[in-house]
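Student: If you scroll down you'll find the structure; I have some questions about it.
The values are calculated or read from the model by the stated rules, or taken from the named source; none is laboratory data. If you're wondering where the values come from, they're calculated on a predicted model, not measured in any experiment. Don't worry about glycine lacking a Cβ; one is built from the backbone with ideal geometry, like all the others, and counts go over all protein chains shown. For the accessible areas, the whole protein counts, side chains as well, though only heavy atoms, and no ligand, DNA or RNA atoms are used. Shrake-Rupley method; radii C 1.70, N 1.55, O 1.52, S 1.80 Å.
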Amino acid sequence: MLNYEIGNEEDMEFIETELDLFNKKSRTVEQEEEYKRFTVVAKIDGQIVGGGVAYSSLYYIGYIDTLWVAEEYRGQAIGANILKLLEQELCEYGCEMCHLDTFDFQAPSFYQKNGYEIFGKLHHKKRNITEFFLKKDLEASIGKG
């Protein structure tokens with residue numbers, strides 16, 4: 001008899017492993033590392049004042065995961081330079097484009113100023129926040145390594 005229940009960590013790992021096996025059977029993974037991570041940091045006198053994390057997943061699909069700059073250093077192009085270096089790393093690794101998500105209270109306009117295009121958004125009514133999904137063609141903006 002079919003039964004539905006809330007799963008646990010072990011169930012989650014099983015499901016993710018099965019999907020991973022299906023994906024690999026359906027389409028060969030092209031990257032040497034399934035999830036290649038890139039990190040860029042900005043330091044002043046050895047202290048991190050900003051940084052970013054990006055990764056390329058399975059099929060050279062770039063994703064900007066995290067970008068942060070300390071409040072007192074914002075507005076000095078540190079974030080834009082970190083973003084540019086992450087994009088260069090992704091492009092040199094083989095990613096033709098990348099995507100990211102950000103909230104309305106974070107930085108959608110920052111990303112748009114840096115060449116990203118909004119391709120979707122979700123408004124979360126209960127929290128009154130909007131989540132934006134953006135993309136950028138790295139090959140068109142940076143060119144091949």
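Student: Test Lys43 against the criterion of being farther than 27 Å from Ala140 by Cα, in contact with a strand residue (DSSP E or B) (Cβ under 7 Å, 6 or more places away or on another chain) and modelled with pLDDT of 95 or more, and give yes or no.
Tutor: Considered against the rule, which asks whether it is farther than 27 Å from Ala140 by Cα, in contact with a strand residue (DSSP E or B) (Cβ under 7 Å, 6 or more places away or on another chain) and modelled with pLDDT of 95 or more, Lys43 comes out as yes.
Student: Scan (1) of a type outside the set (Ser, Thr, Tyr); (2) free of Cβ contacts under 8 Å to residues at least 24 places away in the same chain; (3) open to solvent by less than 100 Å² (accessible area, probe 1.4 Å); (4) farther than 22 Å from Leu134 by Cβ for the single condition Gln47 breaks and write down its number.
Tutor: (3) is the only condition that Gln47 fails.
Student: I've got another one for you. How many of the residues in the stretch 12-40 are of a type in the set (D, E, K, R), modelled with pLDDT of 95 or more and open to solvent by less than 100 Å² (accessible area, probe 1.4 Å)?
Tutor: Matching residues across the stretch 12-40 total 2.
Student: Hey, another quick one. For Thr66, state whether it is in contact with a Pro (Cβ under 7 Å, 6 or more places away or on another chain), modelled with pLDDT of 95 or more and assigned to a strand (DSSP E or B).
Tutor: no
Student: In the set Glu72, Glu89, which member is among the charged types (D, E, K, R) and either buried (at least 16 other Cβ atoms within 10 Å of the Cβ) or in a strand (DSSP E or B) (or both)?
Tutor: Glu89
Student: Cβ-Cβ distance below 7 Å, separation of 6 or more or different chains: which pairs start in the stretch 16-42 with a residue that is within 16 Å of Ser56 (Cα to Cα) and in contact (Cβ under 8 Å) with a residue 40 or more places away in the chain and end on one that is among the β-branched types (Val, Ile, Thr) and surrounded by 12 or more Cβ atoms within 10 Å (Cβ to Cβ)?
Tutor: Val40/Ile82
Student: What pairs come up if the first residue lies in the stretch 112-126 and is at pLDDT 95 or above, the second is assigned to a strand (DSSP E or B) and basic (Lys, Arg), and their beta carbons are under 9 Å apart, counting only those six or more places apart or on different chains?
Tutor: That search, which allows pairs on different chains as well, returns Asn114/Lys136; Gly115/Lys136; Tyr116/Lys135; Tyr116/Lys136; Glu117/Lys135; Glu117/Lys136; Ile118/Lys135; Phe119/Lys135.
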